[in-house]
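Peer 1: The following block contains the structure, expressed as structure tokens.
Computed from the coordinates by the stated procedures, all read-outs in this text should not be read as laboratory data. Nothing here was measured: the structure is a model prediction, and the numbers come from that model. So basically every Cβ, Gly included, is an ideal-geometry build from the backbone, and we count neighbours across all protein chains shown.
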Amino acid sequence: MLAVGTTAPDFTLKDQSGNEVSLSGYRGTSPVVLVFYPFTFTGVCQGELCELRDNPGDYTRDGAQVIALSCDSRFAQAQWAESEGFDFPVLSDFWPHGAVAKAYEAFNEDLGCANRVTYVIDAEGKIVSSFATGDLGTARDKTEYAEALAKLG
């Protein structure tokens, strides 16, 4: 994973509605909780993103914006986001496949997907915290988010 204190690599990807979302668009205004997840329409990923949806206050300390990202197509993510009612950007890192996940050292080369990695990025674009699970089948612990978000200030 990228080191704490590193400037987060900028990116522009399309969200579930086809809108372009750039990390740099949040600079100077809001911290970002960047949540890489492996696969759309899978149980552990669904549980994690539904937790983000259902308890936004737990993940948006200091006005942070939650952004979820996987290597699935925007079209699959659009269906999933609509059916689950996700109200945060769900970005597609489909093409070039996994480019953003690779820039964040979160790409699983063997499976061609993002690993379960989270970065908390301050409003100046610096990584203040990061955490990951040991495998794709394990959900992130909610307490890791609280500890990471506490580092925003």
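Peer 1: Listed highest first by mean packing, meaning other Cβ atoms within 10 Å per residue, what order do 48-54, 36-42, 138-144 come in?
Peer 2: With the highest mean Cβ count within 10 Å placed first, the list reads 36-42, 48-54, 138-144.
Peer 1: Can you give the translational diffusion coefficient of the chain in µm²/s, computed by Stokes-Einstein from the Kirkwood radius over Cα pairs at 10 °C and 1.306 mPa s?
Peer 2: Diffusion coefficient, whole number: 105 µm²/s.
Peer 1: Which percent, nearest 5, of DSSP beta bridges in the chain are antiparallel?
Peer 2: Numbers: 17 of 25 bridges.
The answer is about 70 percent antiparallel.
Peer 1: Mind giving me the nanometre distance, one decimal, between the label points for Ser22 and Asp110, set 7 Å out from Cα along Cα→Cβ?
Peer 2: 3.7 nm
Peer 1: Enumerate the amide H contacts of Ser129 below 5 Å, restricted to partners 5 or more residues apart or on another chain; note that Pro and chain-start residues carry no placed amide H.
Peer 2: Val120
Peer 1: Once the piece of chain linking Asp10 and Thr29 is laid out straight, how much longer is it, given 0.36 nm per residue of separation minus the C-alpha distance between them?
Peer 2: Contour length minus the Cα-Cα distance gives 5.3 nm.
Peer 1: So, one more: So between Gln79 and Asp135, what do we pick up on full extension, going 0.36 nm a residue minus the alpha carbon distance? Working shown, then result.
Peer 2: Numbers: separation 56, 0.36 × 56 = 20.16 nm, distance 2.59 nm.
Length difference between fully extended and current span is 17.6 nm.
Peer 1: Averaged over every viewing direction, what's the projected area of the C-alpha convex hull for the stretch 67-142? Give it in nm², one decimal, please.
Peer 2: On the way: hull surface 23.6 nm².
Averaged projected hull area, Cα only: 5.9 nm².
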